[in-house]
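The values are calculated or read from the model by the stated rules, or taken from the named source; none is laboratory data. The structure presented is a predicted model; accordingly, all values stated were derived computationally and were not measured. So basically every Cβ, Gly included, is an ideal-geometry build from the backbone, and we count neighbours across all protein chains shown. These accessible areas exclude ligands, DNA and RNA; they are computed on the full protein's heavy atoms, side chains included. Shrake-Rupley method; radii C 1.70, N 1.55, O 1.52, S 1.80 Å.
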Amino acid sequence: MSIARSRLVGIYLVISSAVLWSTAGLFVRIADMDVWSMVAWRSAFSFVTLGAFVLIRRRWTKKGVKGTFGMPGVVACVVSTVAAITYIASLQWTTVANVMTVYATLPFVATGIAFLWLHDPVTYRFVIAGCLAFLGVVISVGAAMSANDLLGILAAFIMTAGCATQIVIAKRFPSMDSTMMTVLAALACFCIALPLMQYSIPTSTQLLACAFYGIFTTGIGYVLLLLGSRRIGSGEAGLLSMLDVILGPIWVWIFYSEEITLPVLLGGAVVLTSVFWYLLPSRKVAAPV
């Protein structure tokens, strides 16, 4: 496959993963379950899907899985578990638009953690874009009208910090088997939620929503991102992945008429503008601060 064609395939794969990820809020609304029941059922389906992928990968790769686990994998697994639980909780407690606005700050949070932990250089461009993104979040948070909204936004911040930490851990330990980490995190989520969930049989609609969330949004979405990000630059992959931030609120607006208030819309626009400006592939590297 030519380089140009490989890159095009990578772009399509990452876009497809972003579209799948954007449906998380929609499936949470369709399921309409308590947080722990949603976590348990979604994690069960994710574990089966990604576990099957790992088994297939082992059979196709004669030399076995190229990757280690160890303590970095354990830490990443714990962080991923917290992020997955707080993501579902945030979608239950506040609007999808609020969650996506906070999540859009992921590149800046990851860069900040890498600066503090790995001493990666921080550019003036990052500082400017990060300040603009923070302003956008403040505008959106200022529109929160209830205690549940504030709790959901806090959970979204924890989720975003967890996702950012996973990115930095993967960068610090490139040999870590991130797929196995995700599989074990799904299993951990299920085990944690099992004694806390409601022991009633879900309706067919609820079960289908959890299955779609676990299989497509999490499982297949992750695999597509994994395959696509290998073919394109990390900055380009990050930029394309921001599509889920835009599409997420649109799905619940179309199917559930979930209102997107003007402050949230304005704040989200500010955050996305700062992210796009920061992640533009053609950007010039500024002098380190």
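Tabulated data
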read-out	value
Under-5 Å amide H pairs with MET176, H placed in peptide plane, nonlocal only	THR68
Label corresponding to Rg/Rh (Cα atoms, Kirkwood Rh) when calculated from the structure given, among [x] 0.96; [y] 1.27; [z] 1.05	[x]
Kyte-Doolittle mean at least 0.0 and Cα axial length at least 15 Å: DSSP H helices in the chain	3-21, 35-60, 70-93, 106-118, 124-141, 147-172, 178-193, 243-256, 262-279
Within the chain, helix-based [θ] at 222 nm, where runs of 4 or more DSSP H residues each add -39,500 (n - 2.57), nearest 500	-24500 deg cm²/dmol
Rounded accessible area per residue of the chain, 1.4 Å, Å²	50
Shape call, region 59-185: gyration tensor on alpha carbons, a/c limit 1.5	oblate
Peptides ranked, highest mean first, by Cβ atoms within 10 Å: ranges 267-278, 210-221	210-221, 267-278
